[in-house]
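Engineer: What follows is a single structure, and I will ask about it in a moment.
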Amino acid sequence: MSGPQCCANPPNLDPSSGAGRVEQLGGLDAYVVGSQDSKLAILLLSDVFGYEAPNLRKLADKVAAAGFYVVVPDYFCGDPFAPENHERPFMAWIKDHGTDKGFEDTKPVIQALKSKGISTIGAAGFCWGGKVAVELAKCELVQAAVLLHPSFVTLDDIKGVKVPIAVLGAEIDQMSTPELLKQFEEVLSAKSEIDAFVKIFPKVSHGWTVRYKVEDEAAVKSAEEAHSDMIQWFVKFVKEETTLHL
């Protein structure tokens with residue numbers, strides 16, 4: 001499940017990219033952006049290239065503009081996957097940075113957000129981060145989730161989801177094939193208690209929402225459509241909790 005697509009089109013990492021800032025949150029460095037007065041937070045869970053990817057931070061800025069406090073954790077502690085390092089291939093790297101560890105590392109981040117007064121949290125996971133996001137959705141640690149070209153996500157994972165979930169997939173994807181995505185859709189449509197949405201984007205490949213080339217107009221257009229779908233999902237399902245006074 002770690003084919004070449006998982007690591008294709010690596011970004012040029014830039015620690016100074018984005019309009020936000022880096023701070024410690026729940027024991028991890030994190031890129032944060034948005035109003036600190038917001039009661040609504042969105043976690044963006046990166047692919048294997050980590051939280052310094054400019055397109056990912058640009059998306060975080062866009063989500064923040066919709067009214068959310070956005071957090072992009074550095075799950076790899078300054079050690080994102082480096083394709084050019086042939087002495088440490090992907091399978092060696094992933095042993096140190098499994099999605100199970102990412103899931104556990106997210107729990108203190110969520111606690112830190114709640115201690116800041118955040119009442120509702122959504123999570124969007126890209127590739128590697130998609131597996132972390134679905135685990136959060138299975139445990140109801142977040143109130144809504146979006147999986148974008150997820151890696152390692154199984155049909156059993158989808159069966160266990162307990163919060164509104166959207167899955168945005170690519171037509172050309174060895175990690176989450178269109179056939180698998182259609183199975184996800186069948187399972188979710190049978191779970192009438194869960195709001196769900198599955199969409200397969202034509203003519204795009206795994207990673208397209210964050211690893212597009214800015215000069216490729218068609219790629220940018222497809223990525224922006226997915227970004228819009230993601231933000232709309234969070235606007236719909238990540239809302240302030242209301243208390244009824246009888």
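Engineer: Going residue by residue through region 68-78, is there one that turns out to be over 20 Å from residue 131 (Cβ atoms), surrounded by fewer than 22 Cβ atoms within 10 Å (Cβ to Cβ), of a type in the set (Gly, Ala, Ser) and over 14 Å from the mean Cα position of the chain (by Cα)?
Structural biologist: yes
Engineer: Let me ask you something else. What about residue 145, is it of a type in the set (A, V, I, L, M), touching a Gly at 6+ places or on another chain (Cβ under 9 Å) and free of Cβ contacts under 8 Å to residues at least 24 places away in the same chain?
Structural biologist: Values: of a type in the set (A, V, I, L, M): yes; touching a Gly at 6+ places or on another chain (Cβ under 9 Å): yes; free of Cβ contacts under 8 Å to residues at least 24 places away in the same chain: yes.
Criteria met by residue 145.
Engineer: State which residue pairs qualify: first residue free of Cβ contacts under 8 Å to residues at least 12 places away in the same chain and inside region 216-242, second residue open to solvent by 50 Å² or more (accessible area, probe 1.4 Å) and of a type outside the set (D, E, K, R) in any location, beta carbons under 7 Å apart, and separation of 6 or more residues or different chains.
Structural biologist: 220/214
Engineer: Here's something else I'd like to know. Right, residue 100: in a helix (DSSP H, G or I) and modelled with pLDDT of 95 or more or not? Talk me through it step by step, then tell me what you get.
Structural biologist: On the way: in a helix (DSSP H, G or I): yes; modelled with pLDDT of 95 or more: yes.
The answer is yes for residue 100.
Engineer: Could you please find all residues in region 82-96 being open to solvent by less than 70 Å² (accessible area, probe 1.4 Å) and assigned to a loop (DSSP other than H, G, I, E, B)?
Structural biologist: Hits for region 82-96 are 82, 83, 85, 88.
Engineer: Separate question: In region 226-246, which residues are of a type in the set (Ser, Thr, Tyr), outside any helix (DSSP H, G or I) and modelled with pLDDT of 95 or more?
Structural biologist: none
For (1) surrounded by 15 or more Cβ atoms within 10 Å (Cβ to Cβ); (2) in a helix (DSSP H, G or I), each residue gets a yes or a no:
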position: 166; (1), (2): yes, no
position: 170; (1), (2): yes, no
position: 179; (1), (2): no, yes
position: 186; (1), (2): no, yes
position: 189; (1), (2): no, yes
position: 200; (1), (2): yes, no
position: 203; (1), (2): no, no
position: 224; (1), (2): no, yes
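Engineer: Still on this structure, please answer the following. Pull up region 130-164, narrow it to residues that are of a type in the set (Asp, Glu) and not in a loop (DSSP other than H, G, I, E, B), then point me to the one that is most open to solvent (accessible area, probe 1.4 Å).
Structural biologist: 156
Engineer: Which residue out of 105, 47, 61 is touching a Gly at 6+ places or on another chain (Cβ under 8 Å) and open to solvent by less than 20 Å² (accessible area, probe 1.4 Å)? Even if it seems obvious, please write down each step before you answer.
Structural biologist: Values: 105 fails: open to solvent by less than 20 Å² (accessible area, probe 1.4 Å); 61 fails: open to solvent by less than 20 Å² (accessible area, probe 1.4 Å).
Answer to the check: 47.
Engineer: Right, next: Name the pairs: first residue in region 112-129 and buried (at least 24 other Cβ atoms within 10 Å of the Cβ), second residue outside any loop (DSSP other than H, G, I, E, B) and modelled with pLDDT under 95, Cβ to Cβ under 7 Å, at least 6 apart or on different chains?
Structural biologist: From residues that are buried (at least 24 other Cβ atoms within 10 Å of the Cβ), the pairs are 127/6.
The values are calculated or read from the model by the stated rules, or taken from the named source; none is laboratory data. Owing to the predicted nature of the structure, the values given are computational and were not obtained by experimental measurement. FYI the Cβ positions are ideal-geometry reconstructions off the backbone, even for glycines, and counts take in every protein chain you see. Remember, those area values only see protein heavy atoms, side chains included, never the ligands or the DNA or RNA. Shrake-Rupley method; radii C 1.70, N 1.55, O 1.52, S 1.80 Å.
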